[in-house]
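For reference, the structure is listed below as C-alpha cells.
Each reported figure results from applying straightforward, stated rules to the coordinates on display, with no laboratory input. Note that the structure is a prediction, hence the values are computed from the model and not measured. Cβ placement follows ideal geometry from the backbone for every residue including glycine, while neighbour counts extend to all protein chains displayed.
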Amino acid sequence: MKVFITREIAEIAIEYLKKKKYDVSVYSKDKAISRKELIRNIKDADAVISLLTEKFDKELIDQIKKCKVIANVAVGYNNIDVAYARTKNIVVTNTPDVLTQSTADLAIALTLACARRLIEGEELVRKKKFKGWGPKLLLGVELKDKVFGILGAGRIGTAVALRAKAFGTKVVYSSKLKKSGT
C-alpha cells in the first residue's frame, strides 16, 4: 500500500506505517505543499495523510483514482469534501480529540501569563532592567475567587473549565448544552 503524507508529522507515526510495510513518502519541506505537487504525489497513492493546509475538493478527489483513505491530521475535516469522497468510496478520517488537552493547557498558560504579567517580567530580565524585588513589582492578579468565562463548553471548553477550577475560580460558560461537574 502506498501512503503519501502531505507534510512532516510525528516520526512515531511514520515509523509505525513503515513497520506495517507500507510504502511511505513524505513531503519534507516546512511549508504547505503546492496543489500541483500534491496532485503529482497522490495520483498513485492508496492513502493520503493530510493536514488542514490541503483542500480536497471535487477536482482534487477526482485526481486520486486509487485512493481509499484520506486521513486528516486535524480535529475536523472542513478542508475535505467528505460527501464527494464517499461517492468515490474514499473513507475520510480525522483526529477529533488529539489537541483537546494541549489547547486547554495553552489557554490556561495564556491566562496565567496575562494575570501574572509573565511577558513583562521576562522582558525586564532579558533587557537587564531587573533591579530586585519590590512589593508592587509586576504584582499581577490572582485567579482565586475570580470569574472565569468560557464561550463554548465542548471538549476544549470543558477541559479549560476543569483547569480553571483548580485555581479557585468560579467558572461561567455559554454553551448550547448544560454541563455537569464544571
Worksheet item: Just how many pairs of Lys in segment 116-170 have C-alpha atoms closer than 25 Å, counting pairs that are eight or more places apart or on different chains?
Response: 8
Fill in: For Val24, distant residues with modelled amide H under 5 Å away
Val3
Practice prompt. Output the DSSP H helices from the chain with an along-axis C-alpha extent of no less than 15 Å and a mean Kyte-Doolittle hydropathy no less than 0.0.
Written response: 100-115, 155-166
Worksheet item: Which whole-number percent is the relative contact order of segment 62-140 (Cα, under 8 Å, 6+ apart)?
Response: 25
Worksheet entry | Cα-Cα separations in segment 6-110 greater than 22 Å, expressed as whole percent | 34
Response to the item:
Under the 7 Å Cα-to-Cβ spin-label approximation, Glu8 and Ser175 lie apart by a distance in nanometres of 3.7
Fill in: Inter-probe distance in nm under a simple model that places probes 7 Å from Cα toward Cβ, at Ala166 and Asp145
2.3
Worksheet entry | Sparse-neighbour loop sites [GluC sites (Glu not before Pro); segment 112-143; at most 12 other C-beta within 10 Å; DSSP] | Glu142
Worksheet item: Karplus couplings for segment 78-93 from phi (6.51 cos²θ - 1.76 cosθ + 1.60, θ = phi - 60°), rounded to Hz, Gly and Pro as x?
Response: 6, 8, 10, 7, 4, 4, 5, 4, 4, 5, 9, 6, 9, 7, 10, 10
Worksheet entry | FRET efficiency estimate (nearest 0.05) - Cβ-Cβ, Thr95 to Lys21, R0 22 angstrom | 0.40
Worksheet item: Using the C-alpha gyration tensor of the chain, what are the square roots of 5 times its eigenvalues, in whole angstrom, with the largest one first?
Response: 44, 23, 13
Worksheet item: Straight-line reach from Lys29: which lysines have a Cα under 29 Å away, not including same-chain ones fewer than 8 places off?
Response: Lys2, Lys18, Lys19, Lys20, Lys21, Lys43, Lys55, Lys58, Lys65, Lys66, Lys68
